[in-house]
């Protein structure tokens, strides 16, 4: 009954047979864990056969069966193709890999899940259900339990704000646009929890992580070749700074992270719109190399510049905005996918029902944030909730919306109840200003 109802609980909202069978299989594992099954039984490639009666003596979907047969048991994890994506087969495989590789530690498994990137909180949540059933409450780290019961933990900010702070502080500290310094601060966040609301990096996208790791690799190679002391690796100047290749990504990498952190660039350079737009694109390109990322950031940066200059909403949502400000874009066209958005593809009254999705792909994210702005009826709160209620990558869609909406409506239009929640978090960062 537990297995059947596990499948049905998924089927009522997600009709694919893979969802039903994935939930049945994971439900069966949790039942076995609660019954005291050892880990080698839970990760056995014959678990399904050994409990066939629980499944009504029926076969599972081939994709789920492959996981039941141990497809997740890959030592390399991420390097071997394990991904914590939104597709249920990826998610099931990722959570089971985290469990299989956790070496008996709930903490290690949860961090394994998060460090796969992509839909990090969901992968960790799926892992935690089975791991919690197997290890029990007492194996959850005490420091995490304190967070769970802390009054304000739910109000902490995520990677979106951490990266935005890194970028903003770089602009202020350098009084210029210095991509190398931006990457250094992203590295500090990833490695040391710099500008994190919790003191450590607890969420990071796969593409961002890959770019930071590539940046570290290039740093080491660069200083070795030039005889630069390792303690100066993060503080290059002059010719060394100019000659370092900061584009640490490649074509085809088109996640939404560059948009979620963008606002400080157009704010800093808004008096020079063409420079603000160009630097907006460059701020994304250093970690996400696809041309769509560059152009999406250019377009959104231009909207923020216009909003700061007092443009009315009908101008910001005009289907001719790009043409009306063509000089800001260096008199060039944008990628067709970005141009479609600039031409108003997001202006769909049905929102989610009309196909608007707040996903991790930058085109979806840009379209979703602009739909939230277009449909907010002049209310920052309504727009933010519209963004969140699209589902998927909710914090990022809302963060992207908030940049343009904040520039347009101003600080005073943010609900006071929301401002109160964040003042404590912002003030807690003040002691780090020397960084």
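Do you know which of the residues in the range 61-84 that are out of contact with any helix residue (DSSP H, G or I) (no Cβ under 7 Å at 6 or more places or on another chain) and assigned to a loop (DSSP other than H, G, I, E, B) is farthest from residue 25 (Cα to Cα)?
76
Per-residue answers, yes or no, for (1) at pLDDT 85 or above; (2) surrounded by fewer than 22 Cβ atoms within 10 Å (Cβ to Cβ); (3) touching a strand residue (DSSP E or B) at 6+ places or on another chain (Cβ under 8 Å):
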position: 133; (1), (2), (3): yes, yes, no
position: 143; (1), (2), (3): no, yes, no
position: 147; (1), (2), (3): no, yes, no
position: 153; (1), (2), (3): no, yes, no
position: 158; (1), (2), (3): no, yes, no
position: 165; (1), (2), (3): yes, no, no
position: 193; (1), (2), (3): yes, yes, no
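Collect the residues in the range 285-295 that are in a helix (DSSP H, G or I) and free of Cβ contacts under 8 Å to residues at least 60 places away in the same chain, keeping them in residue-number order. Step through it out loud before you land on a result.
Step one: filter the range 285-295 for residues in a helix (DSSP H, G or I), giving 285, 291-295.
Result: 285, 291, 294, 295.
From 32, 53, 28, 113, which residue is under 27 Å from residue 203 (Cβ atoms), not in a loop (DSSP other than H, G, I, E, B) and not assigned by the TED database to the domain that holds residue 203? Before you say what the answer is, go through the steps one by one.
Values: 32 fails: under 27 Å from residue 203 (Cβ atoms); 53 fails: under 27 Å from residue 203 (Cβ atoms); 28 fails: under 27 Å from residue 203 (Cβ atoms).
Criteria check complete, one pass: 113.
Among (1) part of a helix (DSSP H, G or I); (2) under 17 Å from residue 5 (Cβ atoms), where does residue 58 come up short?
(1)
Does any residue of the range 176-183 turn out to be surrounded by fewer than 22 Cβ atoms within 10 Å (Cβ to Cβ), closer than 28 Å to residue 84 by Cα and assigned by the TED database to the domain that holds residue 279?
Within the range 176-183, not a single residue is surrounded by fewer than 22 Cβ atoms within 10 Å (Cβ to Cβ), closer than 28 Å to residue 84 by Cα and assigned by the TED database to the domain that holds residue 279.
Does residue 30 qualify as being within 20 Å of residue 119 (Cα to Cα) and touching a helix residue (DSSP H, G or I) at 6+ places or on another chain (Cβ under 6 Å)? I'd like the intermediate steps shown before the answer.
Numbers: within 20 Å of residue 119 (Cα to Cα): no; touching a helix residue (DSSP H, G or I) at 6+ places or on another chain (Cβ under 6 Å): yes.
In short, no.
Would the range 357-377 turn up any residue that is more than 16 Å from residue 304 (Cα to Cα), modelled with pLDDT under 95, surrounded by 15 or more Cβ atoms within 10 Å (Cβ to Cβ) and touching a helix residue (DSSP H, G or I) at 6+ places or on another chain (Cβ under 6 Å)?
Looking through the range 357-377, at least one residue is more than 16 Å from residue 304 (Cα to Cα), modelled with pLDDT under 95, surrounded by 15 or more Cβ atoms within 10 Å (Cβ to Cβ) and touching a helix residue (DSSP H, G or I) at 6+ places or on another chain (Cβ under 6 Å).
Which pairs do you get when a residue that is closer than 16 Å to residue 209 by Cα, found in the range 71-83, comes within reach of a residue that is loosely packed, with under 11 Cβ neighbours inside 10 Å, reach meaning Cβ atoms under 6 angstrom, with the pair 6+ apart or on two chains?
Hits for this filter: zero, empty list.
The values are calculated or read from the model by the stated rules, or taken from the named source; none is laboratory data. Nothing here was measured: the structure is a model prediction, and the numbers come from that model. Cβ: placed from backbone, ideal geometry, glycine included. Neighbour counts: every protein chain shown.
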